[in-house]
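Report on the following structure.
The values are calculated or read from the model by the stated rules, or taken from the named source; none is laboratory data. Everything numeric here is computed off the predicted structure, so don't read it as measured data. Every residue, glycine among them, receives a Cβ derived from its backbone with ideal geometry; neighbour counts consider all protein chains shown.
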Amino acid sequence: MTKNLNAEIPADLLTANKVEVDGVRCEFADGFPSGPTVKSALDAVDYQRAVSLFLNMVPVASLEAIRSATQSNFSSGNTEQNWLICDDLMDSNSLYLTANTDTVYAFGILDLEKSGPVVLEIPPKCGPSTINDATFTFVVDMGAPGPDRSEGGKYLVLGPDYAGPLNSVANGETAEVDGQTYFIAHTPTYINWVPCRGMLVDGETKPASDSFRNGIKAYALKDKSNPPAMNWLNASGMKKNTIHSNHASFFEEVHNVIQKEPASAFNPEILGVASGLGIRKGESFDKSATRTAFFEKAATAANAYARTVTFRPRVPEAYIYGEENSKWYTPLYAADYRFMVDGGAGGKDADARLMMFYLATVNTPAMMIKTPGIGSQYGVIARDSAGEWLDGDRTYTLRLPPDAPAKDFWSFTVYDTQSRSMLQTDQKFPSVNSMRKDLHTQDDGSVLIKVGPNQPSLHAGNWIQTRPGKSWFAIFRLYGPLEPWFEKTWIPGEIEPN
């Protein structure tokens with residue numbers, strides 16, 4: 001008999017010959033996987049990786065959808081000169097993630113691979129504006145929250161190919177180039193989105209619209225001596241989809257961005273997952289029936305999770321007043337535009353990032369500011385006081401207590417749960433705000449907002465129409481939020497079914 005000189009192998013290291021995982025039977029011959037087990041293991045992990053890729057790449061696909069839709073409006077001209085503007089506000093015809101009906105939007109797309117460095121001229125008194133790169137990462141603020149502090153100025157946007165003396169200048173700092181002073185903005189991607197917001201003046205859009213059309217200029221630095229004319233297109237009322245796919249084509253949107261941008265713009269591990277799934281720079285996207293079915297299955301599962309996180313947050317800190325007390329929550333609970341936990345000690349909050357970009361657009365530290373009288377704050381609600389999803393067949397009442405804490409104004413806007421865009425009904429603008437001349441205020445100073453399919457007999461200015469058979473959710477916005485909002489001493493009512 002041969003003496004066994006080997007050390008005992010701990011049970012935790014051993015693989016059973018037969019085991020079942022989620023209904024799939026796996027078989028091994030002393031650790032060697034059988035043929036069927038090899039296939040099922042590879043399929044399972046590929047599926048998990050595809051789901052993970054979807055959840056991680058929602059910001060990337062979202063900005064790609066915006067880029068594609070914006071550029072499709074123009075058949076000629078340099079990309080940086082082609083801008084959309086909502087002269088008459090955004091309305092429910094356009095599919096934009098939770099856009100508001102209260103500010104004048106102007107949107108531009110930069111393609112630094114084609115243009116090289118770009119100059120952006122921003123007019124004085126510009127509202128909150130920013131630059132986001134192709135991964136929806138913050139680059140620099142402009143206007144009110146930017147380094148120009150609403151005084152206007154010229155920004156020089158430098159892309160990933162730039163190598164020169166300005167590399168040592170941080171974003172937002174100034175530098176002189178050929179006798180001209182610029183605010184510098186370095187970006188790691190070629191494609192960049194420039195959303196600008198203009199504030200209403202006495203409820204009118206014209207001052208902001210004129211300021212943008214006359215004051216915003218975008219041109220290649222090489223053309224600064226003779227900049228081409230801007231090409232403005234009014235997007236108010238335009239039927240245009242800017243929202244990423246929730247199906248297999250989502251992965252093609254991601255593929256398009258990976259083809260365009262340098263690898264350095266992405267997290268290497270996530271890029272590796274994409275590459276392992278065949279989404280790789282320099283390679284074509286596989287549209288075969290088998291691969292499409294695979295991506296469709298992954299998108300279905302990932303979309304289910306994204307919608308769960310977005311409309312029923314599982315983290316207590318997302319609920320503004322505690323879920324047991326109120327159904328109001330915030331998509332900005334991370335309070336960090338990088339979505340870092342404890343400044344990075346706890347890593348990145350993937351659910352906070354997912355909720356934010358599945359629900360909305362624009363990434364800027366200005367949205368996280370909690371300074372009374374500055375910026376804006378948001379409350380989201382998707383369930384009534386009984387905890388039931390909001391239903392377009394029913395009529396509801398929301399009571400806003402007196403003295404809403406907004407230095408500028410407040411608004412309440414209703415959205416479609418499917419598109420996360422403004423709810424489409426006979427109303428062009430599915431919202432109520434404190435600037436409306438027909439807004440009725442109760443004797444005690446409170447405001448009762450009615451939401452339902454049928455117009456009430458009184459106070460139509462307080463009514464937002466819904467559609468039978470269509471669910472909805474809403475966002476309450478405070479422009480210039482005041483101390484009672486931050487201190488939670490002023491609390492909006494719940495959505496009460498009538």
Residue selected from the range 414-458 under the condition among the β-branched types (Val, Ile, Thr) and either assigned to a loop (DSSP other than H, G, I, E, B) or more than 32 Å from the chain's Cα centre (by Cα) (or both), by the criterion nearest to Ser92 (Cα to Cα): Thr425
Any idea which residue in the range 282-295 is nearest to His247 (Cα to Cα), counting only those that are buried (at least 16 other Cβ atoms within 10 Å of the Cβ) and in contact (Cβ under 8 Å) with a residue 12 or more places away in the chain? Phe295
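Looking for something acidic (Asp, Glu), assigned to a loop (DSSP other than H, G, I, E, B) and touching a residue at least 12 places away in the same chain (Cβ under 8 Å) - is there at least one such residue anywhere in the range 29-43? Quick ask: steps written out before the conclusion?
Taking the range 29-43 and keeping what is acidic (Asp, Glu), we get 30, 43.
Within this subset, residues satisfying the condition of being assigned to a loop (DSSP other than H, G, I, E, B) are 30.
Restricting the remaining residues to those that are touching a residue at least 12 places away in the same chain (Cβ under 8 Å) gives 30.
Checked the range 29-43: at least one residue is acidic (Asp, Glu), assigned to a loop (DSSP other than H, G, I, E, B) and touching a residue at least 12 places away in the same chain (Cβ under 8 Å).
Going by what's in this entry, would Ala366 be described as closer than 30 Å to Pro145 by Cβ, at pLDDT below 95 and touching a Ser or Thr at 6+ places or on another chain (Cβ under 8 Å)?
Answer is yes for this residue.
Taking the range 217-243 as the region of interest, how many residues are in a helix (DSSP H, G or I) and surrounded by fewer than 15 Cβ atoms within 10 Å (Cβ to Cβ)? Spell out how you get there, then give the answer.
Within the range 217-243, the first condition is being in a helix (DSSP H, G or I), and the residues that meet it are 221-223.
Those left that are additionally surrounded by fewer than 15 Cβ atoms within 10 Å (Cβ to Cβ): 222.
Matching residues across the range 217-243 total 1.
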Look through Arg213, Arg197 and report the one residue that is in a strand (DSSP E or B), of a type in the set (D, E, K, R) and touching a residue at least 40 places away in the same chain (Cβ under 8 Å). Arg197
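Please find, among Ala334, Ala352, Ala386, the residue that is outside any loop (DSSP other than H, G, I, E, B), hydrophobic (A, V, I, L, M, F, W, C) and either more than 26 Å from Asn192 (Cβ to Cβ) or in the same structural domain as Arg467 (by TED's automatic domain parsing) (or both).
Values: Ala334 fails: outside any loop (DSSP other than H, G, I, E, B); Ala386 fails: outside any loop (DSSP other than H, G, I, E, B).
Within the list Ala334, Ala352, Ala386, the selection yields Ala352.
Could you count how many residues in the range 201-214 are touching a strand residue (DSSP E or B) at 6+ places or on another chain (Cβ under 7 Å) and within 16 Å of Ser150 (Cβ to Cβ)? Let's see the steps before the verdict.
First pass over the range 201-214, keeping only residues touching a strand residue (DSSP E or B) at 6+ places or on another chain (Cβ under 7 Å): 205, 207-209, 211-213.
Narrowing further to those that are within 16 Å of Ser150 (Cβ to Cβ): 207-208, 211-212.
Number of matching residues: 4.
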In the range 302-331, the residues that are small (Gly, Ala, Ser), under 21 Å from Val58 (Cα atoms) and either assigned by TED's automatic domain parsing to the domain that holds Ala386 or crowded, with 16+ Cβ neighbours inside 10 Å (or both): Ala302, Ala306, Ala318
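Filter the range 454-498 for residues that are of a type in the set (Phe, Trp, Tyr), more than 20 Å from Ser385 (Cβ to Cβ) and surrounded by fewer than 20 Cβ atoms within 10 Å (Cβ to Cβ) and give the result.
Here is the first cut: in the range 454-498, the residues of a type in the set (Phe, Trp, Tyr) are 463, 472-473, 476, 479, 485-486, 490.
Right, trim to more than 20 Å from Ser385 (Cβ to Cβ) and you get 479, 485-486.
Of everything in the range 454-498, just one residue is of a type in the set (Phe, Trp, Tyr), more than 20 Å from Ser385 (Cβ to Cβ) and surrounded by fewer than 20 Cβ atoms within 10 Å (Cβ to Cβ), namely Phe486.
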Of the listed residues (Arg467, Arg477), the one being in a loop (DSSP other than H, G, I, E, B), among the charged types (D, E, K, R) and in contact with a Ser or Thr (Cβ under 8 Å, 6 or more places away or on another chain) is Arg467
Closer than 24 Å to Cys86 by Cβ and of a type outside the set (S, T, N, Q): does that describe Pro453? no
